[in-house]
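See structure below.
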Amino acid sequence: MKFVENIKFAQVIVGEAQGGAERFFVKLAIALDAAGLRQSLFIGHDKTRFEELSDAGLAVQQFTFDKGPKGWLATKAFQRALVAEDANIVMGWMNRAARRIPIGRYKRVARFGGYYPLKYYSGFDQIICNTPDLERFCISEGWDNKKVRTISNFGELPNMPSVRRADFDTAEDAFVILACGRLHPSKGFDILIRAMQDVPPHTVLWLAGAGEEEAALRSLADQLNLASHIRFLGWRHDQSSLLEQADVCAVPSRHEPLSNVVIEAWSMKVPVVASASEGPSWLIGDAGAFGTLFPIDDHEALGREITRFVEDDALRNSVADAAFQKWETGFSKSAIVDQYLRFLQAL
């Protein structure tokens, strides 16, 4: 699109090392660069994120936004660097970035992926939400409906070296369930482990993630005598390789505003079993064509839904095909990048 020549776009994220928003920040920045958009990227100190962006040929500056005097100095240094870039649109990802972006000779955009307090966004020109429910939340909290819109995430994953089931002590004829995410209570992985009691015996769970719940989850697997059916893979950056080997992707979250994992699984033609939390409910819907939902915290229902996919190849294939078509038209990289570029042009 020729109009991107007129846009000087800055993005700012001060996030954790691991998380869906942080991963999508990198994916979106690289995709917008490929579309010809000039960008300046500012991140909190993170070696992996810095290298990913730099290796893709993007200009990125990082700052150590600690608490106390050092953090204050880092914020001031960032603000000087932001002004020097002379951007005409600046997008801050979540609260910690937004509150550090001063008023300037640019439009300020907030990028929402959660139900954040709106006090940090006073004076911002626009909010981008990644689900309609978040857009409704912002409006219900008093935000002008003309200044908030939904642009979701895309699900493309980079190609990575292949993995083998044997790499994770898994038989070739096993039925593999893949679950990915931070090992946190909100993700509901304890419910998924409990559900493993009620699935066919040749089913194996690959749990890719890290976090404070890991010890508790390992202990639960031991208590339920399920350790031989569960593989803790740690934090991974090769989701595409894992999805290539998966038969089903499980998203058991208690709270999930969107769920990048659902969209990523769709892009790889892997059917999804998800809790009826906010994001998966919107993405999948009640009809069952694009995946299947189960009540939050109901491990028996989750076990039944997994078993349906284990026992019915035709169901698994039809759901995977329908979900892939939905992803291709509404959640592919080209579709979402086009929405961002048109939004920036209008702004």
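Values computed for the structure shown
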read-out	value
In degrees, nearest ten, helix 69-85 long axis to first principal axis of the chain (Cα)	70 degrees
Three-way shape call for the range 165-330 based on the alpha-carbon gyration tensor, with the a/c threshold at 1.5	rounded
Under 5 Å, built H, 5+ apart or other chain: amide partners of T150	C129
For the range 34-73 and the range 199-246, distance of Cα centres in Å	32 Å
Cα gyration tensor shape of the range 216-305, rounded if a/c is under 1.5, else prolate or oblate by comparing a/b with b/c	oblate
Prolate/oblate/rounded call for the range 138-197, Cα gyration tensor, a/c under 1.5 rounded	oblate
Amide H partners (placed H, <5 Å) of F175, local residues excluded	T203, V204
DSSP-assigned coil residues among trypsin sites (Lys or Arg not before Pro) in the range 119-192, each with at most 14 further Cβ atoms within 10 Å	R164
Amide H partners (placed H, <5 Å) of V251, local residues excluded	V273, A274, S275
Karplus (6.51, -1.76, 1.60) ³J(HN,Hα), θ = phi - 60°, over the range 278-288, in Hz, Gly and Pro reported as x	4, x, x, 4, 5, 5, 8, x, 8, 6, x
Table column - 3J(HN,Hα) (Hz), the range 142-152, Karplus curve with 6.51, -1.76, 1.60, x for Gly and Pro	x, 6, 4, 5, 7, 10, 9, 8, 9, 10, 7
The range 221-303: chymotrypsin sites (Phe, Trp or Tyr not before Pro) falling in loop per DSSP and having at most 15 other Cβ within 10 Å	W235
Fewest-first sequence of E141, E305, E264 by Cβ atoms within 10 Å of each Cβ	E141, E305, E264
Cβ-Cβ FRET estimate between A227 and K76, R0 fixed at 51 Å, reported to 0.05	0.50
Linear extension gain, N88 paired with R218, 0.36 nm per residue minus alpha-carbon span	41.9 nm
Backbone HN-Hα couplings from phi across the range 180-195 [Karplus 6.51/-1.76/1.60, Hz, Gly and Pro as x]	10, x, 5, 7, 10, x, 5, 7, x, 5, 5, 5, 5, 5, 4, 5
Modelled FRET efficiency - R0 45 Å, R149 with T64, Cβ distances, 0.05 increments	0.85
Cα-only Debye scattering, the chain: base-10 log of I(q)/I(0) at q = 0.13, 0.15 Å⁻¹	-1.02, -1.28
Dipole of the chain [Lys/Arg +1, Asp/Glu -1 at C-beta], most positive-end residue of L118, A276, A320	L118
Cα-based helix-to-principal-axis angle, 20-34 vs the chain, degrees rounded to 10	60 degrees
Zone residues, the range 257-281, relative to A56, backbone N less than 17 Å from point 7 Å out along Cα-to-Cβ	260-261, 264
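Just so you know, all these numbers are worked out from the coordinates, no wet-lab data involved. Note that this is a predicted model, so its numbers are computed, not measured. Positions of Cβ are backbone-derived with ideal geometry, glycine not excepted, and every protein chain shown enters the neighbour counts.
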